[in-house]
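Step one of this worksheet: look at the structure below.
What follows draws every value from the coordinates through simple rules; no lab data is involved. Remember, predicted model here, so these are calculated numbers, not experimental data. Don't worry about glycine lacking a Cβ; one is built from the backbone with ideal geometry, like all the others, and counts go over all protein chains shown.
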Amino acid sequence: MLIQALEWSKKAVDASPDSPYVMDTYANILHRMGRSQEAVKWEEKALSLNPNEQGFKDTLEKMKNGVKTWRVPEDEGKKP
């Protein structure tokens, strides 16, 4: 499922190369797949296009520290 999501997300990046939000999604999928170095590069690119986006800053820090950036059902109700 993640492989297909990555393919679709890459197509979205190719179609919207100036969209930091599309890049952020792509980076998060890469990170979830364990491709964190590549994810960091994409998240940095997203942040460079929208440097005031605190969510990108937080996500980038998590990626650099090897922390998950996504929620899973067992996380519901827990504090981040």
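A residue that is assigned to a helix (DSSP H, G or I), touching a helix residue (DSSP H, G or I) at 6+ places or on another chain (Cβ under 9 Å) and among the aromatic types (Phe, Trp, Tyr) occurs nowhere in the stretch 61-71.
If the condition is being in a helix (DSSP H, G or I) and either touching a Leu at 6+ places or on another chain (Cβ under 8 Å) or of a type in the set (D, E, K, R) (or both), then the stretch 11-26 contributes Lys11, Asp14, Pro20, Met23, Asp24, Tyr26.
A single member of Trp70, Trp42 is surrounded by fewer than 12 Cβ atoms within 10 Å (Cβ to Cβ) and under 11 Å from the mean Cα position of the chain (by Cα), and it is Trp70. A Cβ distance below 7 Å, combined with a sequence gap of six or more or placement on separate chains, defines the contacts here; from the stretch 1-25, residues that are more than 22 Å from Ser48 (Cβ to Cβ) reach residues that are assigned to a helix (DSSP H, G or I) and β-branched (Val, Ile, Thr) in the pairs Leu2/Ile29; Ala5/Ile29.
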